[in-house]
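The values are calculated or read from the model by the stated rules, or taken from the named source; none is laboratory data. Just so you know, these numbers come straight off a predicted model, no measurement behind them. Note that we place each Cβ from the backbone using ideal geometry, even for glycine, and neighbour counts take in every protein chain shown.
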Amino acid sequence: MSATQTQAQAHEHHDDHGPAKGLKRWLTTTNHKDIGTMYLVFSLLMFFIGGGMALVIRAELFVPGMQLVDPGFFNTMTTVHALIMVFGAVMPATVGLANWMIPLQVGAPDMALPRMNNFSFWLLVAAFSLLILSLFMPGGGPAAGWTLYPPLVLQTGDALPLAIFAIHLAGASSIMGAINIIVTIMNMRAPGMTLLKMPLFVWTWLITAYLLIAVMPVFAGAVTMLLTDHFFHTTFFAAAGGGDPVLYQHIFWFFGHPEVYIMILPAFGIVSEIIPTFSRKPLFGYDAMVYATASIAFLSFIVWAHHMFTVGMPLAGTMFFMLSTMLIAVPTGVKVFNWTATMWRGSLSFETPMLFSLAFLFLFTIGGFSGLMMAIAPVDFQYHDTYFIVAHFHYVLVPGAVFAIMAGVYYWMPKWTGHMYDVKLSKIHFWMSAIFVNVLFFPQHFLGLAGMPRRIPDYSTQFADWNMVSSIGAFGFGLSQLLFVYVIWKCAKGGERVSAEVWDGARVHGLEWTVPSPAPYHTFDEAPVVK
Amino acid sequence: MKMVKRAFVAGMALVGASSPAMAAWSDLNLRVGVTELSREIYGLHMLILWICVAIAVAVFGVMIYSIATFRKSKGAVPATFDHNTKAEIIWTVIPVVILVAMAVPAARTLVKIDDTRGSELTVKVTGYQWKWQYEYVGEGVSFFSSLARTSDEARQLDSGIAPASVENYLLEVDNPLVVPQGRKVRVLITANDVIHAWWVPDFGMKKDAIPGFINEMWFRADEPGVYRGQCAELCGRDHGFMPVVVEVLPQDEFDAWLAAQQAARQAASAPAAQTAAATNVENVAALRVANAE
């Protein structure tokens, strides 16, 4: 009895302890801010590893002829670059932002499942260690493209089981992260914060988390079938044994299409936070934004075969997937119009987060246009698997998702560190990124239309000019990102102190601006009340 | 359909009006190609492109206007509105109408592409790592088509041969596919190892070559000439080095070519058949001797 009492008393006194010291803090932490930071640092590291691979690709493609690498290694680079950027850079960056910001935005003291939060982060580290290890296996790294199509992928050497296990681990990590986010949002919102009062970033992540739970197991199943085809001689995807290589593509893209929205929906959320703050106006059409996000998520499940128009589907199938894909333009259009209407008759200022959001708005829309063009199946018979698609998905992923993530980092970094970043350097970083990203990717539209297939290590001389331009853009973009790291490092070290609100008038846009800057290790021990 | 045609004509006029800049234009845009389907696909492409450009001008125009006008630095006072049901309905409905306008001609072209009936020649294309096999179904002619030796030497790592010095670098083969001009050619596409894709941009289409399955497509080339393309589905180490070259000949030249191929094949197989027969006779004789003993 007395022991219980002592325990209870001890509990009352437990608060206000800071982080543990040294390495142990990071290994064993269950604090959402620490874990968020780790996710963000990890994704930045992966961004540079994946980016380094991209530079190997662009260096080989600088001029026609083979100068640097073996074609097999080139294929490994395209494959692992994509896997790292998708699963190692973009997704963990948005998870990092979610970890940091969702509890702050809904007024919760932490994530609902803090220990699982720690586990899901360290699983990710294990996953990518394995994936990078697979590069050094006999027979070379995975080289069949990030889509891992059989039968080609079954020709991979010892890297195959490693890469697949890495995918399993990364998938498990994502599912845990998603469960944590859903439970936090559903159970830990401050009193008064009804679903339709949640910030858009929280909304988009809630929907993203459901997408993750729905499709990650599908992907895990598909790659497991690859594994049994390879080692146990099942024939899921081999016609000789009654299987079908195209079946894999259907399963993969049933995962793969929602996956691309898993990368872009949180980006929509970030931009929906930033544009109102710097327009000094409430977000236009909040309800419509929520419904548009939900519609996009729903549509993402019924459009997958537009990635495979050339596999020889029956006419009715092609027709269905063409029409369903075109429909996505409607909710996406609503979003773009709403962001524009938010700026309309606002009072705009152009801090770095706003600059990145505006670049997002223009350049993501360009990616949307090329996406609409490729939805038209007969024309896609030309575009498919050319540099046109490479240009398209890089436009939606780099000046789309990545710019939104950078906008988010600049927007919330003063809250994390308590310091304003170096404004001048951050603007240089923005302008260099925005210019070089276009030098890098816009010419790839021309290359694709002129007939250059994707995933080739060498090309006919007619494609020489634009490839050289694109490669110059790539190196410029890559170097600009070193500046990003420097700005972050500098901001973490010191700088001008910021107020709790950070941005003028931000308080009305979210609870995160009501806590001090830097945000204390523990926030919202008592739930705020939202009116 | 009219819209597609109009867009197509506009596109052609743009290409034709500036013949010195023609090379530059063709480096930037989709190829018009030499088949009915490729021209229709080009027309659709231009139609959608211009629709997108029009939408972009409108949307980006409003964005740029907002950025230029509603500036805090110019003392702009923010309005407080946060929705406008009428505007929201309008910008939901208008895109739907535009999409329908795009979908109708696209669906029509799709139906045409799907119709492989009434073909006058059937060629079976089989993808291998890393070459193509062409088989003239029912004609007794088949051969492999691989990257030309000149390109193959130049494309080796640090070969020291400048790609610019090689004619049609990476787009030349030893044995091109030969087809007659103005005839509907049905292509049956499959593969023997991994998935490949057979693509000639001037014919407007590509199709995957999938092991164990046979895909179909068709084309009717209006102009004689040599048309070049590449494998368009990642198929392993030398995916970038298995070009597709199609030579379109007038009907009489094609007939002569096909006859020559058939004759060459017979001549090649005749001595072999004789040798085989002779060996047989010897074997039988030897067997008889053995039996007699």
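Does residue A:365 satisfy the condition of being crowded, with 23+ Cβ neighbours inside 10 Å, without any contact (Cβ under 8 Å) to a residue 60 or more places away in the chain and in contact with a helix residue (DSSP H, G or I) (Cβ under 6 Å, 6 or more places away or on another chain)?
Against the criterion (crowded, with 23+ Cβ neighbours inside 10 Å, without any contact (Cβ under 8 Å) to a residue 60 or more places away in the chain and in contact with a helix residue (DSSP H, G or I) (Cβ under 6 Å, 6 or more places away or on another chain)), residue A:365 qualifies.
So, restricting to helices (runs of 4 or more DSSP H) that lie completely within the stretch A:243-336, which ones have at least 3 residues that are out of contact with any Phe, Trp or Tyr (no Cβ under 9 Å at 6 or more places or on another chain), surrounded by fewer than 21 Cβ atoms within 10 Å (Cβ to Cβ) and not aliphatic (A, V, I, L, M)? Step through it out loud before you land on a result.
Numbers: elements: A:245-279, A:286-299, A:315-327.
Per the criteria, A:286-299, A:315-327.
When the residues of the stretch B:199-252 are narrowed to those that are free of Cβ contacts under 8 Å to residues at least 24 places away in the same chain and more than 14 Å from the chain's Cα centre (by Cα), which ends up surrounded by the fewest Cβ atoms within 10 Å (Cβ to Cβ)?
Quick first cut of the stretch B:199-252, residues free of Cβ contacts under 8 Å to residues at least 24 places away in the same chain only: B:207, B:210-213, B:234, B:252.
Cutting the leftovers down to more than 14 Å from the chain's Cα centre (by Cα) gives us B:210-213, B:234, B:252.
Values: B:210: 25, B:211: 19, B:212: 18, B:213: 17, B:234: 26, B:252: 9.
Taking the candidates together, the pick is B:252.
Is it the case that residue A:334 is free of Cβ contacts under 8 Å to residues at least 40 places away in the same chain, facing another protein chain (nearest Cβ under 7 Å) and among the β-branched types (Val, Ile, Thr)?
On the way: free of Cβ contacts under 8 Å to residues at least 40 places away in the same chain: no; facing another protein chain (nearest Cβ under 7 Å): yes; among the β-branched types (Val, Ile, Thr): yes.
Here the answer is no, as residue A:334 does not meet what is asked.
Residue A:145: part of a loop (DSSP other than H, G, I, E, B), touching a helix residue (DSSP H, G or I) at 6+ places or on another chain (Cβ under 7 Å) and farther than 15 Å from residue A:225 by Cα, yes or no? Outline the logic, then answer.
Values: part of a loop (DSSP other than H, G, I, E, B): yes; touching a helix residue (DSSP H, G or I) at 6+ places or on another chain (Cβ under 7 Å): yes; farther than 15 Å from residue A:225 by Cα: yes.
The answer is yes for residue A:145.
Among the residues of the stretch B:210-219, is any among the small types (Gly, Ala, Ser) and under 24 Å from residue B:38 (Cα atoms)? Before you say what the answer is, go through the steps one by one.
At the first step, the residues of the stretch B:210-219 found to be among the small types (Gly, Ala, Ser) are B:212.
Remaining after also requiring under 24 Å from residue B:38 (Cα atoms): none.
Scanning the stretch B:210-219, I find no residue that is among the small types (Gly, Ala, Ser) and under 24 Å from residue B:38 (Cα atoms), so the answer is no.
Taking the condition of being more than 9 Å from every other protein chain (Cβ to nearest Cβ) and either not in a helix (DSSP H, G or I) or not aliphatic (A, V, I, L, M) (or both), how many residues in the stretch B:49-63 meet it?
First, pick out the residues of the stretch B:49-63 that are more than 9 Å from every other protein chain (Cβ to nearest Cβ): B:50, B:54, B:57-58, B:61.
Narrowing further to those that are either not in a helix (DSSP H, G or I) or not aliphatic (A, V, I, L, M) (or both): B:50, B:61.
Residues that pass the stated criteria total 2.
Out of the stretch A:259-289, which residues are within 12 Å of another protein chain (Cβ to nearest Cβ) and β-branched (Val, Ile, Thr)?
So in the stretch A:259-289, the residues within 12 Å of another protein chain (Cβ to nearest Cβ) come out as A:275-289.
The answer is A:275, A:277.
Cβ-Cβ distance below 9 Å, separation of 6 or more or different chains: which pairs start in the stretch A:413-431 with a residue that is under 13 Å from residue A:493 (Cβ atoms) and end on one that is basic (Lys, Arg) and outside any helix (DSSP H, G or I)?
Note: pairs meeting the criteria are A:418/A:497; A:419/A:497; A:420/A:497.
Every residue, every condition in (1) touching a Phe, Trp or Tyr at 6+ places or on another chain (Cβ under 6 Å); (2) farther than 21 Å from residue B:78 by Cβ, yes or no:
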{"site": "A:479", "(1), (2)": "no, yes"}
{"site": "A:489", "(1), (2)": "no, yes"}
{"site": "A:507", "(1), (2)": "yes, no"}
{"site": "A:513", "(1), (2)": "no, no"}
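If we scan the stretch A:155-165, do we find a residue that is buried (at least 24 other Cβ atoms within 10 Å of the Cβ), among the small types (Gly, Ala, Ser) and closer than 30 Å to residue A:203 by Cβ?
no
Could you grab me the full set of residues in the stretch A:49-62 that are surrounded by fewer than 21 Cβ atoms within 10 Å (Cβ to Cβ) and either aromatic (Phe, Trp, Tyr) or in a loop (DSSP other than H, G, I, E, B) (or both)?
If the condition is that a residue be surrounded by fewer than 21 Cβ atoms within 10 Å (Cβ to Cβ) and either aromatic (Phe, Trp, Tyr) or in a loop (DSSP other than H, G, I, E, B) (or both), then A:62 is the only one that fits.
Can you give me the number of residues within the stretch A:19-37 that are loosely packed, with under 10 Cβ neighbours inside 10 Å and modelled with pLDDT under 85?
Of all residues in the stretch A:19-37, those loosely packed, with under 10 Cβ neighbours inside 10 Å come to A:21-23.
Filter once more, keeping what is modelled with pLDDT under 85: A:21-22.
Residues that pass the stated criteria total 2.
If residue A:45 meets every condition in (1) surrounded by fewer than 18 Cβ atoms within 10 Å (Cβ to Cβ); (2) closer than 19 Å to residue A:142 by Cα apart from one, which number is that one?
Residue A:45 satisfies every listed condition except (2).
Condition (residue is within 14 Å of chain B (Cβ to nearest Cβ) and not aliphatic (A, V, I, L, M)) applied to the stretch A:472-490: is it met by at least one residue? Working first, answer last.
Filtering the stretch A:472-490 for residues within 14 Å of chain B (Cβ to nearest Cβ) gives none.
No.
Matching residues to (1) closer than 30 Å to residue B:234 by Cα; (2) touching a residue at least 12 places away in the same chain (Cβ under 8 Å):
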residue: B:81; (1), (2): no, no
residue: B:94; (1), (2): no, no
residue: B:101; (1), (2): no, yes
residue: B:112; (1), (2): yes, yes
residue: B:116; (1), (2): yes, yes
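Those residues that are within 31 Å of the chain's Cα centre (by Cα), more than 7 Å from every other protein chain (Cβ to nearest Cβ) and among the aliphatic types (A, V, I, L, M), I need them from the stretch B:88-110; list them, please.
B:98, B:100, B:101, B:104
When the residues of the stretch B:70-85 are narrowed to those that are more than 48 Å from the chain's Cα centre (by Cα) and part of a helix (DSSP H, G or I), which ends up nearest to the other protein chains (Cβ to nearest Cβ)?
B:72
Is there a residue being outside any helix (DSSP H, G or I) and more than 7 Å from chain B (Cβ to nearest Cβ) anywhere in the stretch A:355-367?
Going through the stretch A:355-367, the residues outside any helix (DSSP H, G or I) turn out to be none.
Within the stretch A:355-367, not a single residue is outside any helix (DSSP H, G or I) and more than 7 Å from chain B (Cβ to nearest Cβ).
Does residue A:65 count as away from chain B (no Cβ under 14 Å), farther than 20 Å from residue A:396 by Cβ and either crowded, with 18+ Cβ neighbours inside 10 Å or touching a helix residue (DSSP H, G or I) at 6+ places or on another chain (Cβ under 9 Å) (or both)? Even if it seems obvious, please write down each step before you answer.
Numbers: away from chain B (no Cβ under 14 Å): no; farther than 20 Å from residue A:396 by Cβ: yes; either crowded, with 18+ Cβ neighbours inside 10 Å or touching a helix residue (DSSP H, G or I) at 6+ places or on another chain (Cβ under 9 Å) (or both): yes.
For residue A:65, the condition - away from chain B (no Cβ under 14 Å), farther than 20 Å from residue A:396 by Cβ and either crowded, with 18+ Cβ neighbours inside 10 Å or touching a helix residue (DSSP H, G or I) at 6+ places or on another chain (Cβ under 9 Å) (or both) - is not met.
Filter the stretch B:156-174 down to the residues that are in a loop (DSSP other than H, G, I, E, B), without any contact (Cβ under 8 Å) to a residue 12 or more places away in the chain and not aliphatic (A, V, I, L, M) and list them by number.
The initial filter retains those residues of the stretch B:156-174 that are in a loop (DSSP other than H, G, I, E, B), namely B:156-162, B:166-172, B:174.
Checking which are without any contact (Cβ under 8 Å) to a residue 12 or more places away in the chain leaves us with B:156-162.
B:156, B:158, B:159, B:160 - these are the residues of the stretch B:156-174 that are in a loop (DSSP other than H, G, I, E, B), without any contact (Cβ under 8 Å) to a residue 12 or more places away in the chain and not aliphatic (A, V, I, L, M).
Taking residue B:66 as the residue in question, decide whether it is part of a helix (DSSP H, G or I) and buried (at least 18 other Cβ atoms within 10 Å of the Cβ).
Details: part of a helix (DSSP H, G or I): yes; buried (at least 18 other Cβ atoms within 10 Å of the Cβ): yes.
In short, yes.
Please determine whether any residue of the stretch B:175-191 is part of a loop (DSSP other than H, G, I, E, B) and either within 7 Å of chain A (Cβ to nearest Cβ) or more than 19 Å from residue B:227 (Cα to Cα) (or both).
So the first thing to find is which residues in the stretch B:175-191 are part of a loop (DSSP other than H, G, I, E, B), and the list is B:175-176, B:181-184.
Those left that are additionally either within 7 Å of chain A (Cβ to nearest Cβ) or more than 19 Å from residue B:227 (Cα to Cα) (or both): none.
The answer is no, given that none of the residues of the stretch B:175-191 is part of a loop (DSSP other than H, G, I, E, B) and either within 7 Å of chain A (Cβ to nearest Cβ) or more than 19 Å from residue B:227 (Cα to Cα) (or both).
Of the residues A:133, A:152, only one is crowded, with 18+ Cβ neighbours inside 10 Å and not small (Gly, Ala, Ser); which? Let's see the steps before the verdict.
Values: A:133 fails: crowded, with 18+ Cβ neighbours inside 10 Å.
Among A:133, A:152, only A:152 is crowded, with 18+ Cβ neighbours inside 10 Å and not small (Gly, Ala, Ser).
In the stretch B:198-239, which residues are among the basic types (Lys, Arg), touching a strand residue (DSSP E or B) at 6+ places or on another chain (Cβ under 9 Å) and facing chain A (nearest Cβ under 9 Å)?
Selection gives B:206, B:207, B:228.
Looking at residue A:348, is it in contact with a strand residue (DSSP E or B) (Cβ under 8 Å, 6 or more places away or on another chain) and within 10 Å of chain B (Cβ to nearest Cβ)? Can you show your working first?
Values: in contact with a strand residue (DSSP E or B) (Cβ under 8 Å, 6 or more places away or on another chain): yes; within 10 Å of chain B (Cβ to nearest Cβ): yes.
Judged against the criteria, residue A:348 is a match.
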